[in-house]
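Notes to accompany the following structure.
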Amino acid sequence: MTATLEQDRHPNPIDLHVGARIRMRRKLLGISQEKLAEGLGLTFQQVQKYERGANRVSASKLYEIARSLQSSVAYFFEGLADPTEGETSAQTNQGQFVHDFLMTTEGLELAGLFPKINKPKVRRVLDLVRSMADEEIAEPSES
């Protein structure tokens, strides 16, 4: 199998990032995929594909999505490396990690709620999550 065909099977990291940002913004506004799709003249399956990075969003469609989700087009690119500076593999891995996190219902909810916590002592819940994750790594559950 050629390298080009192999690459085509995996979504582009930028498409993954943009899709995750679409999903995050949509969920933060409490808009369903169906409602967003209706406003864009699409099927909800197409919105799902955009959010998963399976399909690329055209410039004109991204503009319409930004308008529907009351955001700037730039919002969907926030967090990406500056293209004039290049991207390290650490940034690529971090982008994939963030995408995977935001694609879970719990991750998206945590991402939306955590910034609303103002008390430093309450934010220490992060220590609890770290401890639980370390425990899971040390003793994987039998599923």
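Along Cα→Cβ, 7 Å out, is where each label goes; now give me the distance between the ones at THR84 and ARG67 in nm to one decimal.
Inter-label distance under the simple model: 3.0 nm.
Multiply the residue gap between LEU110 and GLU34 by 0.36 nm, knock off their C-alpha separation, and tell me the result in nm, one decimal place.
Contour length minus Cα-Cα distance gives 25.1 nm.
In nm, what is the difference between 0.36 nm times the number of residues separating ASN118 and ASP100 and their Cα-Cα distance?
Values: separation 18, 0.36 × 18 = 6.48 nm, distance 2.59 nm.
This chain segment gains 3.9 nm when fully extended.
Computed from the coordinates by the stated procedures, all read-outs in this text should not be read as laboratory data. Please read these numbers as outputs of a predicted model, since none were measured by experiment. Backbone-built Cβ (ideal geometry, glycine too); neighbour counts: all protein chains shown.
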